[in-house]
Every structure is written in structure tokens, then in C-alpha cells.
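For reference, the structure is listed below as C-alpha cells.
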Amino acid sequence: MAILDLPMVANDRDMAGFRPFKALHHFKNLIADKEDTKQVFYIIEALKGRKPFDQAKAFIQSEEGRDFMIREDGNPISEKLDDHATWADCGPETLAHHYIRFMKREGLTAAGLAEESYDWRPREERPNDQVEWYLCRLRDTHDLFHVLTSYGRDALGEAALLGFSYEQNQNLGVKFIAYAAARQIKKVSGTKAPIYAAIKEGRELGKAAAKLAHMDVEKVMREDINEVRARMNIGEPVIYRECLRILESEGNTEEQLLAPQAA
């Protein structure tokens, strides 16, 4: 069935959720094993609230959103992003070039992130509706967020980017993970770096920027990355970079920052 023919919201979709103790349980699991990324999806689900769905419905009903649904029917964003040959003719300053270099350096694929989400909840168990298409778009553009904002995949970079993402999609679970991760970094490192200020900066940048998950991926991938950043009003994460400098000067390593600690 075509995406446009699906209901906006399926009858079996849970449209609200606020279970903080469940979220805390899964965060402890994530701290114990940072590679167990499915815990992130449990946390987001436990605290999602209604605001993300209100935003999803507004975008789905927009002319732009409906155009994307038609264009992406049977050709999801994750497949477009992973088809590096499509972007082979893009110059060195394009978003495509920076994105492909980032993904290769980090050993990532958009499909890999999608599969992690399906490990948490298989495709066949998900509601079959237009909201699901939107949520997949949020997921599949995550690494584009990294590239456009210049937040790294270090522990603080991921936390600050979640602060940015919270202001973009209003999912309380994302906000919870951002601040819980900041607390963990502060606790493990004993750093003098302004960790919480870096999260606040991420939120301020995310609030000021245009909705990155609503961008025309096929178009922006071929554009100069700095022109895209300027048009979408994506600012520089100055405090985050200063935090990295301080953490490094203190001798903190990425492995130490993510070491399991008692809550």
C-alpha cells in the first residue's frame, strides 16, 4: 500500500508515554554496556509524550511532507544516503562529500541504524501508518545532524546533539538521555569543563535552526555544506569544542568517560 493511502495514525499506535522509572532502568543498562544502543530506543519510547506526534502530523499534512511521502515511497532516505555512487559527482565542499567521509571514517551506514531500531522493535510489530514514515525519517537523518552541526560521536558530542535534537522534535526521552549522559560524563571525569552548558548550547542551537529532519535530502546533499548551514541557521557549538579541549587537557579519554559507574 502506498504511504499516502495509509492512515495518518494507526489504531494500535500508542500516542503518549511518560514512564520515568522505566527510562532510568534502561539508562542504567546503557551505561553498563554503551554498545547496547537499543536501550536508547526504550528510553525514547518510555518518555516520548505527545508533542513529537503533533509535529509529525503537522508535517504530514503539509504540501512539502506529502511531496516527500510520494518521492520516498519504496525509496527510503536510508537507502538514498547509503547509495554513495549517487553522490560520486558531488564536489569536496558539498554536504554529500562531508557525509560520506564521516560515515566511512566512523564505519557507519544509515541502514545499520535502521536495523538497530528494528532489533528493538521488529518491522512487523510497528504500526503501519504515516507517522511511522515520519519517525523513520527522524531516525535516518540522525547522522546528517552530526555532519551539519559538527558534533562528534564522542560521548559529549552525542549528548549535546541530543540536546539539539530535543528542541527539534520535543521528545522528552531525548532530553532525558542528553542530561543523564552529561551527568555521567561529569561524574566519571570530575572535569571542570562546563558540560551542562554544552547541552544547553545544543538546545539553543537546535531551537534556532530550521527542522533538519524536514529538509529535502536529495537537494541539500548536492549543496555546499556551509551554504546549507547558513540557510538552515545552524550555529557553531563553541562551548562543546571548549569542553573537548578541557577534557583532553585533563587527560580524560573517551573510554574513561563511558566507563560503567554505580548510579
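Side notes on the structure shown:
- Inter-part distance where the range 95-164 and the range 12-33 are each reduced to a Cα centre, Å: 19 Å
- Accessible surface of the range 1-111 [probe 1.4 Å, protein heavy atoms]: carbon and sulfur percent: 54 percent
- Taking the range 101-177 and dividing mean pair separation by its residue count, relative contact order in percent (alpha carbons under 8 Å, at least six apart): 21 percent
- Close amide H partners of THR94, meaning residues 5 or more places away or on another chain with modelled amide H under 5 Å apart, are ILE225.
- Global geometry of the range 58-120, whether rounded, prolate or oblate, following the gyration tensor of its Cα atoms and the 1.5 cut on a/c: oblate
- Greater than 25 Å apart at Cα, pairs in LYS34/LYS104; LYS22/LYS175; LYS38/LYS192; LYS22/LYS80: LYS38/LYS192; LYS22/LYS80
- Cα gyration tensor category, rounded, prolate or oblate, for the range 139-195 with a/c compared to 1.5: oblate
- Shape category assigned to the range 168-263 from the gyration tensor of Cα positions, a/c cut at 1.5: prolate
- Rolling a 1.4 Å probe over the heavy atoms of the protein chains gives the range 53-200 an accessible area of 42 Å² per residue.
- Of all accessible heavy-atom area on the range 162-220, the percent that carbon and sulfur account for (1.4 Å): 55 percent
- Contact order for the chain, expressed relative to its length and based on alpha carbon pairs under 8 Å spaced 6+ residues apart, stands at 24 percent.
- Inter-centroid distance (Cα atoms) of the range 201-241 relative to the range 61-92, Å: 18 Å
- Structure-based [θ]222 nm, the chain - -39500 (n - 2.57) summed over DSSP H runs of at least 4, per residue, nearest 500: -18500 deg cm²/dmol
- Partner aspartates and glutamates for LYS57 [C-alpha distance under 13 Å; skip if fewer than 8 residues away on the same chain]: ASP129, GLU132
- When +1 charges are put on Lys and Arg Cβ atoms and -1 charges on Asp and Glu Cβ atoms, the dipole computed for the range 45-200 relative to its Cα centre reaches about 1060 debye.
- On the beta carbon distance between LYS51 and ARG71, with R0 = 25 Å, the FRET formula returns roughly 0.40.
- The candidate values were [x] 1.09; [y] 0.95; [z] 1.00; the one computed from these coordinates for Cα Rg over 2.2 N^0.38 Å carries the label [z].
The values are calculated or read from the model by the stated rules, or taken from the named source; none is laboratory data. These numbers were taken from a predicted model, which means no experiment stands behind them. Because the Cβ atoms are built from the backbone with ideal geometry, glycine has one as well, and the counts that use them run over all protein chains shown. What goes into the accessible areas is simple: the full protein's heavy atoms, side chains included, and nothing from ligands, DNA or RNA. Shrake-Rupley method; radii C 1.70, N 1.55, O 1.52, S 1.80 Å.
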